[in-house]
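Novice: The structure under discussion is supplied below as structure tokens; questions concerning it will follow.
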Amino acid sequence: MNLKILFIEAAKQYLLGLPSGFEKSGCTVKILTDIQEEELEKTLKEFKPDLAVTAGWTKIHTRVNLQLLHRLLKKYGVKHAYWATEDPRWREKWSLYYIETTHPDYIFTIDRDSVIYYKNLGYSAHHLTWACNPDFHKPGNKQEQYSCDIAVVATAGVTWSSYRKDSVQILLQPLLEKGYNVKIWGNRWEKVDPNIIGFDVPSKFLKQKLPYTETNDVYSTAKIVLGFQNTFTELNSRTFEVLASQGFLLTPHTPAVEELFISKKHLVCSSSPKETLKLVDYYLTHENERKTIAKLGQKEVYSNHTYTHRAKEILNVVSKSSG
């Protein structure tokens, strides 16, 4: 399906995702990393896109920018597909605001329970989960600064009102309390309130925030990567990215993980702090098994969960509605 796609986003996580999937699906892609009136109008006039694709909740999404985006896309008759990646946690506070300001023609959400919510509001809504881009999400360089038994690459919660709190209690708490060789990269961990999450995160475990382009190096260097989940029913982006980087992923046992992956084949799941300690002790001393699982995990996401797969899902929806 050779459509012209205008992809508008600033964050690397998105720029290194769907655009490549659209290109590999036969589309012509132009990227704008900001929403500025002169540049956007010039692009719409000259490039004449069939579809504008936006995503997330990032720094370019100011009220003025969103209003401008809606006005110009409407003026030039360009269809708009929005990928709501902050659902369900920020659905009412953010996604709904974005949607009511820009009025997209299609909504794709990482949360399948939100599909019916948007449909009830009269929108064309569809489920679209995260994925990986094999051109970027691949084994990185093993680096001494990232060497550790257990790595965490994640942002700490603020209120910890989601399943993310359970995730850190199952995976991280027992390892910190027993003094394992853990390194944590990400924002806000120094501000974590032990009264909310139930345990301390000593500063000796904390590293600086990691540029997104270096995450693969951590996943490839650490022996075990902890993958927290935000909900029971969906997977976060790092699940796919760690596996694609051939990292060995330890994640909570949830229906969403079980739906797409097999524990001890593609990754390893833990249901309790006690099980986490048992699994970590076992796999730290069984390197060959770790490597086998990591390779099979990568093979699985490369086979079924790339951004080419996701782009095709979007294009199928668009073609059905326009055909």
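Novice: Using the beta-carbon distance between THR33 and LYS138 and R0 = 22 Å, what value does 1/(1 + (r/R0)^6) give for FRET efficiency, to the nearest 0.05?
Specialist: After rounding, the FRET efficiency stands at 0.40.
Novice: Taking LYS204 as the anchor, which lysines have their alpha carbon closer than 17 Å to its alpha carbon, excluding any fewer than eight residues away along the same chain?
Specialist: Straight-distance partners of LYS204: LYS178, LYS183, LYS191.
Novice: Oh, and also: Would region 103-227 count as rounded, prolate or oblate if I go by the C-alpha gyration tensor, calling it rounded below 1.5 in a/c and otherwise prolate when a/b exceeds b/c, oblate otherwise?
Specialist: oblate
Novice: Please work out the average accessible area per residue across region 13-146, using the 1.4 Å probe convention, and give it in Å².
Specialist: 47 Å²
Novice: Let me ask you something else. When the accessible area of region 275-323 is computed with all protein chains present and a 1.4 Å probe, what percentage of it is carbon and sulfur?
Specialist: Of the solvent-accessible surface of region 275-323, carbon and sulfur hold 50 percent.
Novice: Which entries in the list LYS42/LYS299; LYS207/LYS299; LYS295/LYS320; LYS264/LYS320 go over 32 Å, if you measure between the two C-alpha atoms of each?
Specialist: LYS42/LYS299; LYS295/LYS320; LYS264/LYS320, as the Cα separations exceed 32 Å there.
Novice: Stick to the Cα atoms of the chain, pair each with every other, and give me the Kirkwood hydrodynamic radius in Å at one decimal.
Specialist: About 20.6 Å for the chain.
Novice: Can you give the local net charge around LEU44? Use residues other than it whose beta-carbon is closer than 13 angstrom to its beta-carbon, Lys and Arg +1, Asp and Glu -1.
Specialist: Residues near LEU44 contribute +3 overall.
Novice: Same structure again: Under 1.5 on a/c is rounded, so check that first for region 17-63, then, if it is not, pick prolate when a/b is larger than b/c and oblate when it is not; a ≥ b ≥ c are the square roots of the alpha carbon gyration tensor eigenvalues.
Specialist: Oblate, because a/c is 1.5 or more while a/b does not exceed b/c.
Novice: A further question on this structure: For region 1-82, which whole percent of the accessible surface, found with a 1.4 angstrom probe, sits on carbon and sulfur atoms?
Specialist: Carbon-and-sulfur percentage of accessible area, whole number: 48.
Novice: Evaluate the Kirkwood expression for the hydrodynamic radius of region 1-129, namely the inverse of the mean inverse distance over all pairs of different C-alpha atoms, and round to one decimal in Å.
Specialist: So the Kirkwood estimate lands at 14.7 Å.
The values are calculated or read from the model by the stated rules, or taken from the named source; none is laboratory data. In this text, all values refer to a predicted model and were calculated from it rather than measured experimentally. Cβ sites come from the backbone with ideal geometry, for glycine too, and all protein chains shown count toward neighbours. We work out accessible area using only protein heavy atoms, side chains counted, and drop any ligands, DNA or RNA first. Shrake-Rupley method; radii C 1.70, N 1.55, O 1.52, S 1.80 Å.
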